[in-house]
Amino acid sequence: MTQKLVIIGAGMASGRAIEHLIEADPAAYDITLFNAEARGNYNRLMLSPVLSGEKTYAEIVTHDDAWYAANNITCRFGEAVLRIDRARKIVVGQNGEVPYDKLLIATGSAPFIIPVQGKDLPGVITYRDLDDTNAMIEAAAKPGAKAVVIGGGLLGLEAAAGLRMRGMEVTVLHLMGHLMERQLDEAAGFLLRRTLEDRGIKVICKASTAAILGADRVEGVMLEDNTGIEADIVVMAVGIRPETRLANDAHIEVGRGIIVNDQMVTSDPDILALGECVEHNKQLFGLVAPLYDQAKIVARTLLGQAAAFQPKQTSTKLKVTGCDLFSAGDFAEAEGREDIVFRDPARGVYKRIVLQDNKIIGAVMYGDTADGNWFYGMIKDGTDVSDMRETLIFGPAFQGGASADPMAAVAALPADAEICGCNGVCKGTIVQAINAGAGTLDAVRAVTKASGSCGTCTGLVEQVLAVTLGDAFVMPAAKPVCACTDLTHEDVRRLIKSQELKSQPAVWQHLGWKTPNGCHVCRPAINYYLLADWPLDYTDDRQSRFVNERNHANIQKDGTYSVVPRMWGGVTTPAELRAIADVAEKYNVPTVKVTGGQRIDLLGVKKEDLPGMWFDLNRAGMVSGHAYSKGLRTVKTCVGTDHCRFGTQDSTGLGIKLEKLLWGSWTPHKVKLAVSGCPRNCAEATCKDVGIICVDSGYEVSVAGAAGMDVKETELLAKVTSEAEAIAVTTAYIQLYRENARYLDRGYKWVAKVGLDWVKAQVVDDLENRAALIERFEISQSVYRKDPWAELAAQDEAPKFAPLADLTLEAAE
């Protein structure tokens with residue numbers, strides 16, 4: 001008969017234990033899973049990116065409802081366990097009793113709340129789960145909101161960085177002399193503090209909290225030195241302690257945590273425990289790697305297999321965007337220890353290796369942590385470093401005195417070398433998976449879970465793939481923006497946002513550009529990223545644009561230019577046509593041509609004539625068509641219900657509205673739209689960046705088409721019933737593209753990278769996010785929805801378009 005297993009707590013540790021149990025023997029137990037939270041297992045390591053807005057909750061779910069159902073697990077989520085009746089072998093929940101043959105306690109830890117006046121006020125938040133994260137996100141939505149984070153450890157700093165990225169004014173209070181004193185020495189703590197302060201986070205060390213102030217809710221914090229700090233929320237992140245109340249009440253042996261033996265069994269032979277709630281050999285656990293090791297032991301114990309938990313050395317990495325930090329081992333000062341220190345102030349790099357008896361016992365790195373796993377492996381293995389002391393600090397690639405093949409160090413790692421610390425995956429396990437057919441990073445991750453938690457070992461896993469498969473493996477190439485930097489476009493976009501870089505000099509300095517002011521390749525991209533992310537703070541740099549965008553006209557092969565005035569939705573008037581004819585005659589335009597985008601192109605215009613022509617067209621009410629820009633080009637329309645017998649909606653009117661809404665906006669590449677009044681598609685909407693087909697029931701909005709060097713049909717984004725919603729979906733999509741695509745990626749290439757499902761989730765499914773995208777687009781348009789011709793046609797601008805000299809003049813005698 002199948003035994004009954006009851007598990008209290010649906011966190012990462014118990015989730016991993018269930019996985020191991022099911023993989024080994026899916027029929028061994030009938031599992032009932034309690035969780036006080038109203039949800040199952042999710043990756044708590046990724047709460048920081050959720051807080052900062054870099055990820056959503058859906059992206060960090062480990063086990064969804066379908067997974068639990070497929071594995072026949074009875075879920076009692078949102079139901080707290082009241083007590084354990086050991087005599088009857090019953091777990092009593094809020095909604096009834098459940099019998100067990102074996103019980104697993106995985107209650108985790110409870111946040112420590114400092115016992116000061118005001119600690120129970122509304123607005124005092126801990127940082128342990130998704131509910132805490134959502135509470136902080138809600139608080140950050142208030143304009144001008146201020147947060148105080150008490151605690152400058154790992155969790156507190158992740159909370160502070162996330163709240164700052166949400167726009168809050170953040171102050172961190174830390175009792176000790178430097179941040180993260182358990183993981184960092186004073187020098188690395190200083191660099192971390194400087195980085196956080198550069199990002200707008202105020203840090204006060206040696207700060208002792210006297211009281212939390214407020215009447216009905218939090219209003220501020222008072223320090224022991226009578227310093228007052230205003231706050232709309234206070235985040236308590238001063239530590240955790242094992243959650244042992246259920247075990248205590250059941251008279252299970254408890255010290256600082258629930259005491260377990262090497263098999264993770266408590267003082268009751270039918271009750272096991274794992275995770276942050278346990279104490280093993282007088283040691284508590286707060287990092288995920290040992291918890292996952294415990295999960296393996298729990299599964300084997302439940303299956304009657306021999307197993308013993310042995311804690312391993314652990315390392316720490318900070319999950320705050322822009323803060324590269326690594327710490328492992330013991331780096332406290334003591335007799336008989338030696339330090340090897342490397343500093344690069346310009347790059348903000350600090351490395352310290354602590355040696356004792358020619359072995360590494362501790363390592364601290366800030367700014368460059370690429371070799372962290374290598375040093376960590378030598379700490380665990382007790383490697384003798386006598387022969388490499390001179391080059392040790394420079395990492396594995398420089399052993400022997402010169403740069404070597406970076407793969408050599410990975411190839412030399414033994415099979416039991418740990419690659420993924422979070423999930424406890426060694427090199428041998430990965431190699432075994434590769435030899436069994438897992439030939440890509442995603443495949444290895446799916447089979448072994450290596451790189452599946454915090455992701456910092458991804459590069460190392462890829463190197464194992466490369467070493468194992470040889471030429472059969474193509475290392476994903478992260479191509480840098482240009483030779484000025486090693487960063488990719490995606491890196492730069494992320495760092496501009498997270499570090500709030502609002503000028504080109506700030507990008508060059510903070511992101512370590514190798515050249516003083518960039519180059520012709522990176523400057524246009526950086527200029528775009530800055531104006532897209534910080535429209536109110538950054539001023540468009542005309543000199544960082546291509547020649548067509550600098551001169552607001554398309555240069556031709558003979559050095560003349562073409563001028564294309566905008567015709568809203570392809571509609572014009574007799575007056576506009578007369579104005580075009582007049583300027584064509586006045587400036588001796590050799591060619592006047594109708595374009596495929598339903599506009600008129602004046603070709604062969606001399607550069608010095610551009611301001612005058614723009615002035616004359618402006619007087620007729622015409623503005624730039626931006627035919628030269630990485631921005632909105634045209635909105636092509638058919639006549640729709642105005643004249644066509646088959647038209648279902650006012651396609652012309654919708655096209656005009658869209659063009660007047662979107663014109664002037666800068667985008668990663670050119671954007672072309674079309675609106676067809678019926679499925680006959682006379683406006684050719686199915687090969688545009690955004691194409692709208694009008695139907696009897698409303699509007700079909702499609703995206704990611706192309707009709708240039710690549711020809712591609714659009715993909716359906718949404719079917720909507722109203723014109724207003726068609727405009728909203730289109731605007732939100734354009735803004736999503738503006739905020740996320742790499743410079744010079746057309747829309748169809750970007751959608752292929754991120755996936756249409758993700759785009760739909762952001763623009764169609766999430767109405768709140770859609771509204772936020774539209775709001776940010778309008779903020780940007782408050783700056784850029786204007787006619788550049790009108791500005792450049794001004795008298796003081798015209799001389800800039802004149803030739804430096806007239807070489808046709810003859811010299812006097």
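Here are the numbers for this structure:
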{"quantity": "Using θ = phi - 60° and Karplus 6.51 cos²θ - 1.76 cosθ + 1.60, couplings along segment 80-88 (whole Hz; Gly, Pro as x)", "calculated": "7, 8, 8, 6, 10, 9, 5, 4, 8"}
{"quantity": "Ellipsoid equivalent to segment 92-230 - semi-axes via the Cα gyration tensor, in Å", "calculated": "30, 20, 16"}
{"quantity": "Crossing angle, helix 723-740 versus the chain [Cα axis fit, 0-90 degrees, rounded to tens]", "calculated": "70"}
{"quantity": "Long-range amide H partners of residue 712 with built H, under 5 Å", "calculated": "706, 707"}
{"quantity": "Cα centroid separation - segment 219-262 against segment 606-628, whole Å", "calculated": "68"}
{"quantity": "Rounded to the nearest 20 debye, dipole of the chain from Cβ charges on Lys, Arg, Asp, Glu", "calculated": "1040"}
{"quantity": "Rounded tilt (10° steps) of 186-198 against the dominant C-alpha axis of the chain", "calculated": "30"}
{"quantity": "Heavy atoms of residue 114 accessible to a 1.4 Å probe, total area in Å² rounded to 10", "calculated": "30"}
{"quantity": "Placed amide H near residue 634: partners under 5 Å, 5+ positions off or other chain", "calculated": "673"}
{"quantity": "Reference-scaled alpha-carbon Rg (2.2 N^0.38 Å with N residues) for the chain", "calculated": "1.12"}
{"quantity": "Over 32 Å (Cα to Cα) - which of 502/760; 4/427; 719/749; 312/753; 449/502 fall in this group", "calculated": "4/427; 312/753; 449/502"}
{"quantity": "Those trypsin sites (Lys or Arg not before Pro) in segment 125-196 that DSSP places in a loop and that have at most 10 other beta carbons within 10 Å", "calculated": "182"}
{"quantity": "Value of relative contact order over the chain, rounded to a whole percent, pairs C-alpha under 8 Å and six or more apart", "calculated": "7"}
{"quantity": "For residue 420, residues with placed amide H under 5 Å, excluding near neighbours", "calculated": "425"}
{"quantity": "Cβ-based net charge around residue 35, under 14 Å, with every Lys or Arg adding one and every Asp or Glu removing one", "calculated": "-3"}
{"quantity": "Size of segment 497-597 as Cα extents on the principal axes (Å, biggest first)", "calculated": "54, 30, 23"}
{"quantity": "Those lysines that a straight Cα-Cα span of less than 22 Å connects to residue 351, excepting residues fewer than 8 apart in one chain", "calculated": "317, 319, 359, 380, 514"}
{"quantity": "Residue-wise HN-Hα coupling along segment 48-56, computed from phi with Karplus coefficients 6.51, -1.76, 1.60 (Hz; x: Gly, Pro)", "calculated": "4, x, 5, 4, 6, x, 7, 9, 10"}
{"quantity": "Solvent-accessible heavy-atom area per residue, rounded to whole Å², over the chain at 1.4 Å", "calculated": "45"}
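The values are calculated or read from the model by the stated rules, or taken from the named source; none is laboratory data. Only a predicted model underlies this, so the values are computations on that prediction, with no experimental measurement involved. In this analysis, Cβ positions are derived from the backbone assuming ideal geometry, glycine residues included, and neighbour counts consider all displayed protein chains. Remember, those area values only see protein heavy atoms, side chains included, never the ligands or the DNA or RNA. Shrake-Rupley method; radii C 1.70, N 1.55, O 1.52, S 1.80 Å.
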